[in-house]
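What follows is a set of notes on a single structure, which appears directly below.
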Amino acid sequence: MGRRGRRAAVAAVVVVLSSMVAGGVLAATRSDDESALAPTRQAADQGIERKVDKLLRKMTVDEKLQQVQLLSDGQITDADAKAGVGGVFSLTDPAKIDHFQHIAVEQSRLHIPILFAYDTIHGYRTVFPIPLGAASSFDPSVATADDTIAARETATVGIKQIYSPMVDVSHEPRWGRIAEGGGEDPYLGSVFAAARVKAAQGDDYSAPDKVVTSVKHLAAYGQPEGGREYNTTDMSEQRLRNLYLPPFKAAIDAGSDTAMCSFNAISGVPGCANHETETDILKHEWAFDGFVESDYTAVAELRACPPKNPDEGPCGHGVAADGPDAAQAALNAGTDMEMVSTNIRDFGKQLLAQHRISMARLDDAVRRILRIKFRAGLFDHPYVDQAKATDPASFVTASDRAAARGAAAKSMVLLKNDGGALPLDPAKSTAVIGPLGDDQHDMLGPWWGQGKDEDAVSLLTGIKAQASGAVSFAQGCTIADKEPPNNTPADECGSDAGFDAAVAAAQGADQVVLALGESRGQSGEAASRSEIDLPGLQQELIDRIKATGKPFVVVLFNGRPLTLSKVDAAAPAILEAWFPGIEAGNAVADVLFGKVNPGGKLPVTFPRALGQVPIYYNHEPTGRPCDVNSKYNSRYRDLPSCDPLYPFGYGLSYTTFKVDNLNLDKSSVSRKGTVKVTFDVTNTGARAGDDVAQLYIHDPVASISQPVRRLRGFQRVTLDPGKSTTVSFNLDASDFGFYDNRGRFVVEPGRIDVYAGDSSTADLTKSFVVTG
Ligand code: BGC
């Protein structure tokens, strides 16, 4: 990392990764020369560029330094607005937004509007499933619905930038923020990233119902050592480029005009002082002409601890001695806007005088920020339509709710269903049991935005609405969303005092729905866990209910893969519902009673035991492949299998499917050619249902070891009983090539194996050869 001058070395072999949609790769754009990369939008909009230049020429150094400052809702004052501050985030009151905007536009010398921003991650008021859940749908229309509604609701209150999509590929279930992204796969993550950007921005994000997106966190934040939040990461260049960067590239290609640099260091270089990721790759290789904002106080955190001046905020990385040093490192690496800490604003003048930063670089940062403000239409329409912003009819409409319900149902994954335990019969009496059985708060997940608990439908409410038989409820134990050290064991199902009542409820009903999982605070930012079992005594609760002999099913609400070996051993059926959002109860009831046939698939591997982590389907092979019966092979002495409990791409249905007739249209292809892959999916059961056709490849002989499988296409299909469909995908160099450890995209001759099926364990296979 941090090796400058790579651009020249890369120039001859840059192959721009393809634009992707579900169903496979549609088109690959490529260039032999960096100078021939797609022309940026500047060329297309000379009008904006002229306005930016004109404004920039009038700006004083102080005004420029204000423009690169981003303040929180708690920091912004009238004086900041008057001085021309660049951005404000987390302010959501439309009256206050308007107040500061009026000051900025009417009282600041150059009348430059403020860009207001917010973390709209899986909904603003209409809360959708967490992104990990949405990715389980393997259907980008779920992300499209989410971000279309989210952008409209966010823009209605006067906010024009969202800190989304969060595209951090992660192999770390201990890390709470795995909930916010698309899981462990770069291809799936890329498809969802692009869908979110396109939906939120539309063709023109100056439209009143659109916002500019900020793709985050650049980069490799999803792989903190030990799974501990904000921790460092160290990785090879090939891994960074093959696994972690593709969703960022997909978001930028889809038009994302802002990006956020990350807290973590990669190989010793923090994300917000990282010239390679911010400038060499993002701005130069990818021709990104928007701006990069830092994460929260991430510029201050570049400093060594303790800081010379403790008032300047946090410290830690030790790549800067003091505030001026941090400002210099951040700006020169490519960070254009500083969030919360104020080092660039405070020390910029001094740094210019000392020639430690250049006016050209400061102008570049300001130009990028102004460009986005013009594109967002802020100069023409800076103010908030208060009537609309305060009208309840602007938010959570009936159709928004219907979309959230459909998305939540599509995001659920049926992990186990022995003997057709599901669907349940709504005419039978049902006991809803468990700490999350009548819960609204946790259903909204860790980034609930402006979602309101009272808008959320609990599982009990959802079941009552659809059951014709009697419905009873017993909580069993409590999961309360409290932060340590203010939580007690009882807040995490640490007491069995309610288990007798739960058992009695089970005994009095024909069937039981056990609602278990995590509180929303146990996932998300700053919520790493060192154990990923069901928290507290929930396993014991399962065992007590099982002992009643009543038919029961487990519904899980959680934000990460859990270790479910014991749950799997005990429960006949398990439905992974994630945190489904405001329509949680209705959507889960739709699936439990069979109104919706579940068709989601896991976007992330579920380990058998925590010790297997990191465990992911697209791992590289080793010289001693797993063999649990052989001592000197890669294995765990104390595990009967190297396999995960549930693999990537896995998920059941109330019907069954068959995948066959794999066909390649050619057996050899030039590096510039395309192979068309087709196969059939047939519903072999008695109910209509959804399956996800999945296409994987493997390169068995390459200059560096290639992953045993790589997802390169998928398509969610709906089929009536007995019906078949043929799915079709195109593979080209963007699929069978890869990045090497010098950051070059290489396409090597040789055999490529293709696998087709409906999970990452698919074994239907054929091969083709890439010729020289
Ligand atoms: C998070 C970002 C978020 C920012 C502003 C940070 O703590 O890491 O994802 O956008 O806060 O809320």
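The values are calculated or read from the model by the stated rules, or taken from the named source; none is laboratory data. Since we're looking at a predicted model, the values are computed, not measured. All Cβ positions, even for glycine, are placed from backbone atoms using ideal geometry, and neighbour counts span all protein chains on display. Note: accessible area is taken over every heavy atom of the protein model, side chains too, but ligands, DNA and RNA are not part of it. Shrake-Rupley method; radii C 1.70, N 1.55, O 1.52, S 1.80 Å.
Scanning the stretch 179-204 for residues that are closer than 12 Å to Val604 by Cβ and of a type in the set (Asp, Glu) yields Glu184, Asp185. Within the stretch 384-410, the set of residues being under 28 Å from Ile159 (Cα atoms), part of a helix (DSSP H, G or I) and not aliphatic (A, V, I, L, M) comprises Gln386, Lys388, Pro392, Ser394, Ser399, Asp400, Arg401, Arg405, Gly406. For the stretch 151-170, the candidate set comprises residues that are outside any loop (DSSP other than H, G, I, E, B) and within 13 Å of the ligand (Cβ to nearest atom); within that set, the residue that is nearest to Glu525 (Cα to Cα) is Met166. For the stretch 208-224, the condition of being on the phi > 0 side of the Ramachandran plot, within 16 Å of the ligand (Cβ to nearest atom) and buried (at least 24 other Cβ atoms within 10 Å of the Cβ) holds for at least one residue. Name every residue in the stretch 680-696 that is of a type outside the set (S, T, N, Q), surrounded by fewer than 23 Cβ atoms within 10 Å (Cβ to Cβ) and outside any loop (DSSP other than H, G, I, E, B), in order of residue number. Result: Asp680, Gly689.
Inspect the stretch 334-345 for any residue being free of Cβ contacts under 8 Å to residues at least 24 places away in the same chain and either open to solvent by 20 Å² or more (accessible area, probe 1.4 Å) or in a helix (DSSP H, G or I) (or both) and give the result as yes or no. No - not one qualifying residue is present in the stretch 334-345. In this structure, does Glu583 turn out to be more than 16 Å from the ligand (Cβ to nearest atom) and surrounded by 24 or more Cβ atoms within 10 Å (Cβ to Cβ)? Taking the combined requirement at face value, the residue satisfies it.
The residues of the stretch 635-673 that are assigned to a loop (DSSP other than H, G, I, E, B), of a type outside the set (Asp, Glu) and open to solvent by 60 Å² or more (accessible area, probe 1.4 Å), listed by number, are Arg635, Tyr636, Arg637, Pro640, Thr656, Lys666, Ser667, Arg671, Lys672.
Of all residues in the stretch 296-314, those being in a helix (DSSP H, G or I) and either surrounded by fewer than 19 Cβ atoms within 10 Å (Cβ to Cβ) or over 28 Å from the mean Cα position of the chain (by Cα) (or both) number 3. Assess whether Lys373 counts as being in contact with a Gly (Cβ under 9 Å, 6 or more places away or on another chain) and closer than 24 Å to Tyr124 by Cβ. Yes; evaluated as a whole, the condition is true for this residue.
Scanning the stretch 82-125 for residues that are small (Gly, Ala, Ser) and touching a Ser or Thr at 6+ places or on another chain (Cβ under 6 Å) returns Gly84, Ser90. Among the residues that make up the stretch 278-298, is at least one of them more than 16 Å from the ligand (Cβ to nearest atom), farther than 29 Å from Tyr616 by Cα and in contact with a Leu (Cβ under 6 Å, 6 or more places away or on another chain)? Yes: one or more hits. Whether a residue is in contact with an Asp or Glu (Cβ under 7 Å, 6 or more places away or on another chain), surrounded by fewer than 24 Cβ atoms within 10 Å (Cβ to Cβ) and in a loop (DSSP other than H, G, I, E, B) was assessed, and Val628 does not pass this test. Scanning the stretch 743-753 turns up at least one residue that is in contact with a His (Cβ under 7 Å, 6 or more places away or on another chain) and under 24 Å from Tyr616 (Cβ atoms).
Only one entry of Gly521, Gly517, Gly508 meets the criterion of being within 21 Å of the chain's Cα centre (by Cα), away from the ligand (no atom under 16 Å from the Cβ) and either among the small types (Gly, Ala, Ser) or open to solvent by 10 Å² or more (accessible area, probe 1.4 Å) (or both), and that entry is Gly517.
Count of the stretch 170-203 residues, restricted to those that are open to solvent by 10 Å² or more (accessible area, probe 1.4 Å), in contact (Cβ under 8 Å) with a residue 12 or more places away in the chain and charged (D, E, K, R), is 3. Of all residues in the stretch 198-211, at least one satisfies being over 27 Å from Asn618 (Cα atoms), aliphatic (A, V, I, L, M) and more than 17 Å from the chain's Cα centre (by Cα). For Ile479, the conditions (1) aliphatic (A, V, I, L, M); (2) under 30 Å from Tyr654 (Cα atoms); (3) touching a Cys at 6+ places or on another chain (Cβ under 6 Å) all hold with the exception of (2). Among the residues of the stretch 346-361, none is identified as surrounded by fewer than 13 Cβ atoms within 10 Å (Cβ to Cβ) and of a type in the set (Phe, Trp, Tyr).
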